[in-house]
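The values are calculated or read from the model by the stated rules, or taken from the named source; none is laboratory data. Everything numeric here is computed off the predicted structure, so don't read it as measured data. Here the Cβ positions follow ideal geometry from the backbone for every residue, glycine too, while neighbour counts run over all protein chains shown. Surface accessibility is based on the protein's heavy atoms, side chains included, excluding ligands, DNA and RNA. Shrake-Rupley method; radii C 1.70, N 1.55, O 1.52, S 1.80 Å.
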Amino acid sequence: DAKTTQPPSMDCAEGRAANLPCNHSTISGNEYVYWYRQIHSQGPQYIIHGLKNNETNEMASLIITEDRKSSTLILPHATLRDTAVYYCIVRVRGGSQGNLIFGKGTKLSVKP
Amino acid sequence: DGGITQSPKYLFRKEGQNVTLSCEQNLNHDAMYWYRQDPGQGLRLIYYSQIVNDFQKGDIAEGYSVSREKKESFPLTVTSAQKNPTAFYLCASSNAYSTGELFFGEGSRLTVL
């Protein structure tokens, strides 16, 4: 599975949009982009995933560039409870998940 | 409610002792995984299992053992051979034939005294 690059930390004001970038320049054509988040001392939580079209659900939006080499997770109105580490992962959907790579992610701090 | 249950949440052990961490899921998922997380680090894969009675080593399997006798259960044993076992251990499961995302338990924090 392709590797991803994320900034180690970001700050966001409460109520504003949080835009978390992810670079995945070696992504293959059949690899999806997945986002998870981990609140301190809890298990990671799935947020959203996509292949090439932009996706939106009740938690977030995922914007994938046309060349698929990068993506942005958008939390439209960040709250204090969104403070967490956010992981961007690329992998083949439905394939073996033995090679999932959870890097260090981006630590998002939402401030009042 | 469906989900993954890990126990115990906190565990202390003396050096030289084996300890087993429990992971149970009622999501009817085929695949289950064990990850280790150290402070400020990402997750590292220890073992995973795609079907009952079969499992594969991950990146850091040395000093650990697993079994998969039932679909819903995937216990992890941290043996005395694991040199630095103090860590946060996370179990996950997935159904590879649906959307494919991982569902995680709440974790077990092991401290070696």
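For A:Ser70, are the conditions met, namely being surrounded by fewer than 19 Cβ atoms within 10 Å (Cβ to Cβ) and at pLDDT 95 or above? When the stated conditions are applied, A:Ser70 passes them.
Highlighted here are the strands (runs of 3 or more DSSP E) found entirely within region A:1-110 that include at least 3 residues which are touching a residue at least 12 places away in the same chain (Cβ under 8 Å) and within 14 Å of chain B (Cβ to nearest Cβ): A:31-38, A:45-50, A:84-92. Listed by position, the strands (runs of 3 or more DSSP E) enclosed by region B:20-77 that each have at least 3 residues that are under 23 Å from A:Gln38 (Cβ atoms) are B:31-37, B:43-51. Of the residues contained in region B:33-51, one or more are found to be open to solvent by 40 Å² or more (accessible area, probe 1.4 Å) and more than 11 Å from chain A (Cβ to nearest Cβ). Condition (residue is part of a loop (DSSP other than H, G, I, E, B) and surrounded by 20 or more Cβ atoms within 10 Å (Cβ to Cβ)) applied to region B:84-91: is it met by at least one residue? Yes: one or more hits.
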